[in-house]
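Please treat every number below as a calculation from the coordinates, not as lab data. If you're wondering where the values come from, they're calculated on a predicted model, not measured in any experiment. Virtual Cβ from ideal backbone geometry, glycine too; neighbours counted across all protein chains shown.
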Amino acid sequence: MNNIIWLASYPKSGNTWLRAFISALIGLETISETGKFASFSTQCNARTMFDTTFAGQTPPPTEGTNVWRLPFQRALSQKAGNSRVFGKTHCRYAGADGEVLFAVDVALRAILVVRNPIDVCASLTNHFGVGVPIAIDMINNPKASMARNSTLNFETPLGDWSSFNRSWLSERDMPLTVLRYEDMFFQPEIVFPLIARDVLGVTDGDRIQAAIDKAAFGELQQREQRFGFDERPGRSERFFWKGRPWHGLEMLSKAEQRVVWTRHKPMAEKLGYRWKDGKIDTAPLPPLSRP
């Protein structure tokens, strides 16, 4: 049964914001009074999810193996039956060796959320509590991964910003919708109704607007400030940090921006981003989505 909808993104690209909107749309809280995020989506790299799905089985090693992923996804799909499963992922679609990390036989569709690499780099500094040079090294590293040797999560193969997005854009096994963070910010009245209609079949304008308001970035910031947020890394000042596009232009020097842009220019321009002399603008998103 094809019932898994993948919400994929390079870290700090807007995945959690999208999940907040979907949570509100289906009548769930975004961040509860206990600081927990709505539980409609599955954290597919969490070791607790493996333990829940495969109770009694020995978890695989944290690092260096992907053999558990496809059986795990198929088991999630089977347990869900006729219900949809939303799976958050920061994994590339395929590993560096070409091994596909997603069970396409149980996937319904994927949504890829992208954000310009300079702003991603800036947000990584807050998320991981590192300086700009380390964030640049991460976003430019074709072998980058997260949660290596973690006791909480399985390793997440990322790659660099360009190869991550290229990996998802190149897959031809499931329908794909591409969202830009900047369009979510500047044109929510256009972007979110499309997601509501195409993913959940919701067309009620009042219901969609209520979900947009509930998932507004400022609203999420206030709830995190009041209740905390269980997905905030310990080294992060706060999870919902700046929010507005182009804040990376204030954090990175022009020389640092140039290093990022030179590395990722082909992919960035494919996604409609343009950088010149310390300024970024967006052209209309090219027709990258496919049914």
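Structural remarks
- Theoretical FRET efficiency, 1/(1+(r/R0)^6), r = Cβ-Cβ of Asp281 and Ser83, R0 35 Å, to 0.05: 0.25
- Treating r as the C-beta distance of Glu250 and Asn66 and R0 as 41 Å, the FRET efficiency rounds to 0.60.
- Filter on Lys88/Lys214; Lys214/Lys254; Lys214/Lys265; Lys88/Lys276; Lys143/Lys214 - keep pairs with C-alpha separation over 30 Å: Lys214/Lys254; Lys214/Lys265; Lys88/Lys276; Lys143/Lys214
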